[in-house]
Structure formats: C-alpha cells, structure tokens
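Following: one structure in structure tokens, then a few remarks.
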Ligand code: PLP
C-alpha cells in the first residue's frame, strides 16, 4: 500500500521548490518522505495520515510551553477578533518590549521584526551605522538566518547540506565577513590585533546550537566582550534560539547567574526570535538605548516592516513570556536531562561511540570515536563526526513515534508539556534507535 504522504510530497514538489518552505524540513540528509503536519498539541504533533509523534522539534524552538497552549491560543484568538494587522503602534508592543527588558537588561530598547533573520540583519546594519566600519566577524558553524553577510560557513540547513555558503551572495559581501573557528581565543585575538579598527561587530550565537550543541568555553563570551570593547567594535549576541528558552534571561542570563559577580559582561545588541513570538512570526533586536536610537525614525539607520509588531504575534509572545515561570523552566530542564542521559545510555549499551553535549535544556548527539574522546568545540570537530549513523537512528525513532529534528546538526527541543508519558515514549524508542545507529 502506498503511503498518502508520498503523493502529497510529489504534489508539493511540483509547486514548491523541494516541496518545503524551509530546506531542512525536506528530510534531505536523513532520506525518506517528510511527515506533512496536520495539527499539534502539547508535546505531540500529528501528521496528515493521523499518526501522532512525540515532538522534539517544537517548531525548531518556539514551543517552550508545548504546542497550542490554551492560554496562548486564547490570547491570539482575542487579538484576531480585534483586527489582524493595523500598521499602527499598539499597547501590546510596548508591554512586550517591557517584558523583554525586564528579563534581559541589556535590551534597554527593543525593535520588533517578523523573523530572526531580520533581527540579525538589522543588528548588523545598526552596528555598521554606529561604528562607520564594514567588517563583521562571525564563527563557522553559527547560523544567524539567511542574511547575505552571515551565510558563510553557516550552521543549520547550510551545514545539513554541506554548503560552504550560498550562491547569489556577492563577492563584495563575503569580503566583508571574517569567519573564525569557534572557541579559538588565539585566532580571535590575532584578527583583532590585525584588523580591529575595521571591525564593526562580532556576532555570535550566545550558545551555538545550529551545528549541534557546542557551548562556549567558560570565559569565551567574556573575551568577545573584552576584545570588541577594546577595539571600538560592537558585540551582537544572537539569542534567537536560546533567548527565553534556556533561562528567562536567555544564555546571557545563565552565564550571569553562574558568575561570581566579578566577571559580568553585557552585549551591545541582542537578537531574539522563536520563543519571544510564542509560535507566531515575531522576532526582535534589543540593545543599549543610544545605539537603538540610531534606528529610524530617530536616527540614520533605516529599518521597517509592514507586519512588524503584528498584534496576533505580540499577543502570542506576551502570553508565552507571562506563562514561562520557574516551574516551566524546571520542567524543560528536567525532561531534557532525562532524555539526554537516556540517549547516551542507549548508545553506550549498543557500543556506539558518541558524545551528548548540552547548553542548558538544549542538547544534541555527536557520533564517532573522535567526539567520544574529546568535547566537540568547533565546526571542524562537528564535521568530523560519523554523521552516517544519524539517519538510521532518526528513522527508528520516527517509526516508534518520536519526531527528532531531521538533521544531525540540530538541537533537540523540549517543552514544559513534555510530561512523564511523553518522556517515557521517547525512552522506550531509544534502544532500537541505538541498535539502528550501531549497524
Ligand atoms: N539566529 C539563530 C541563532 C537561529 O537559530 C535562527 C534560526 O534558526 C536565526 C537566527 C534565524 O531565524 P529565522 O529562521 O526566524 O529567520
């Protein structure tokens, strides 16, 4: 019997490139036919054939509370009844900006956009406008959305498909981006010594999770702060993925909380997306007031958007941040810990060399002896793993009703809705998946 999903995928590919609106959804690196989604609730996602999966993708991060949290849905429905889009400022935007600033102090002013890509693009333009410099430093394996200047050696889909960058990005643009290996203090120091006066900004994932999870080594973010400050460059902390997910104040908040108070540091600009929009298209850039006030209409750096600060999206974001209390973070951390440990134990039991790396509640598995022998610190080590073990692992999980991100380069996402039942279903699926990875 043919799976109806085959037919749908064929129709999709006839009208949408690759059949998908974002590349990794196409299952390119794991093979097979993507599950077309029909609905999602709590920790579950259901495909158009009626099969239900425990979801460890959670829309690639936004679903901190679980899918379709009733209070978030209610807030969106109430907002929708008042109007879908105004093209005028709203009180809810002010409240959401205040909620962000309360949690992430460096975001003294906040500008809303619709995607993480727009947020990082705006941050880079603002940094160049503020400093009058052109060069941007990024790290290989970090993903900041599909901004021309930031696609070089990027993570996420670019890593999944083994691309060095993207066609269509001009040589002039690439020449203004310096790509450095991650967690490499000497490389960073050297580049600042040679070209520090030309560098507008360093942009970094607060804790990288788009090449698998590769946390910053202790003090690395602080070093970025020191060097940028010493050379008059800005530090852009990309918290699109980590913001409001790993801690109410993002990865930055986790680092400050872990600190003894003598080494605190603040970024100049911070980008947010995913959780801040509660599953709706909303993202933001925040930062020091005098920098942010360089944005139009106050300053010379232009930035705008027809749907920016959309009332449905701001309603979802506000409801999500208000519901994300300590109990939510404790549950997400707990569920992540149990599943990460169980994945490691299942692979150990089958003799599959691997390493599980965590950054707060985010984690991923790296396969192979090299990864097992030493922590994975950068993109070169990520690429050296035995990635071929992931597709059979992924499909065994899917067959058992657990939807993992369809790429070895992505983090696994939990939510507060992942209750003991959902977690048990994942634990039950792991031994067979580990056996498949061993083969
Ligand atoms: N920055 C980071 C760290 C991300 O993980 C992503 C998306 O995964 C982006 C930026 C881009 O966000 P969006 O996909 O909303 O454009």
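Since every read-out is calculated from the coordinates, none of them should be taken as a lab result. All values derive from a computational prediction rather than experimental measurement. Every residue, glycine as well, gets a Cβ built from its backbone with ideal geometry; the counts of neighbours run over all protein chains shown.
The ranking of 204, 170 by Cβ neighbour count inside 10 Å, starting from the fewest, reads 170, 204. Can you compute log10 of I(q)/I(0) for the chain with the Debye formula, treating each Cα as one identical point scatterer, at q = 0.08, 0.13 Å⁻¹? For the chain at q = 0.08, 0.13 Å⁻¹, log10 I(q)/I(0) is -0.43, -1.20.
Of 292, 211, the sequence from fewest to most neighbouring Cβ atoms within 10 angstrom is 292, 211. Each 5 Å bin, from zero up to the one with the longest distance, holds this percent of the alpha carbon pairs of the stretch 70-323: 1, 7, 14, 18, 19, 17, 12, 7, 3, 1, 0, 0. This ranking places 44, 67 by how few other beta-carbon atoms lie within 10 Å of each, fewest first, which gives 44, 67. Quick one: grab the alpha carbon gyration tensor of the stretch 141-193, order the square roots of its eigenvalues as a ≥ b ≥ c, and give me rounded if a/c is under 1.5, else prolate or oblate depending on whether a/b is larger than b/c. Cα axes put the stretch 141-193 in the oblate bin. Adding -39500 (n - 2.57) for every DSSP H run of four residues or longer, then dividing by how many residues the chain holds, sets the calculated 222 nm ellipticity at -12000 deg cm²/dmol.
Between residue 194 and residue 322, the FRET efficiency from the beta-carbon distance, with R0 = 45 Å, is close to 0.45.
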